[in-house]
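A short reminder: the numbers here are calculations on the coordinates, not readings from a lab. Predicted model only: the values in this text are computed from it and were never measured. Every residue, glycine among them, receives a Cβ derived from its backbone with ideal geometry; neighbour counts consider all protein chains shown.
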Amino acid sequence: MEKNSVKTYMEYSEEKFTKRIIYKKGETTAFVLNFLPSQQLPTHKHPGTEVYIYVVTGNGTISIDGKETEVSEADLIHVQSEEEMSFNNTGKEPVSLYVVLSKIPSEIYTKNI
């Protein structure tokens, strides 16, 4: 068993959003994305991967295949493998998203940024 605290991975940067890897086990990875107000995650896909997102804190707008949905603390989102997604912190507070990729499409997704 491994125990971690999401709070440990809630690190923000004035320059751009941050990504902090928590676990990488086999074909699954878990990480936290952190956004200050107005920071955003560009539109992208995760081919062959199911994506599960938990909004730890804050609020913003997630776009799935061009459809925008407001999300806030404690919301859960499931993004299917071929769906395009993006996120924008439209609020006034920092946002942290806990993300699990069920099958890593490429090693690039397992790096801190």
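Screening Glu93 against (1) surrounded by 14 or more Cβ atoms within 10 Å (Cβ to Cβ); (2) within 26 Å of Ser5 (Cβ to Cβ); (3) more than 14 Å from the chain's Cα centre (by Cα); (4) not hydrophobic (A, V, I, L, M, F, W, C) leaves a single unmet condition, (1).
Does Gly58 satisfy being under 16 Å from Thr90 (Cα atoms), touching a Pro at 6+ places or on another chain (Cβ under 9 Å) and of a type outside the set (D, E, K, R)? Criteria met by Gly58. Applying the criterion of at least 3 residues that are of a type in the set (Gly, Ala, Ser) to the strands (runs of 3 or more DSSP E) found wholly in the stretch 12-113 leaves an empty list.
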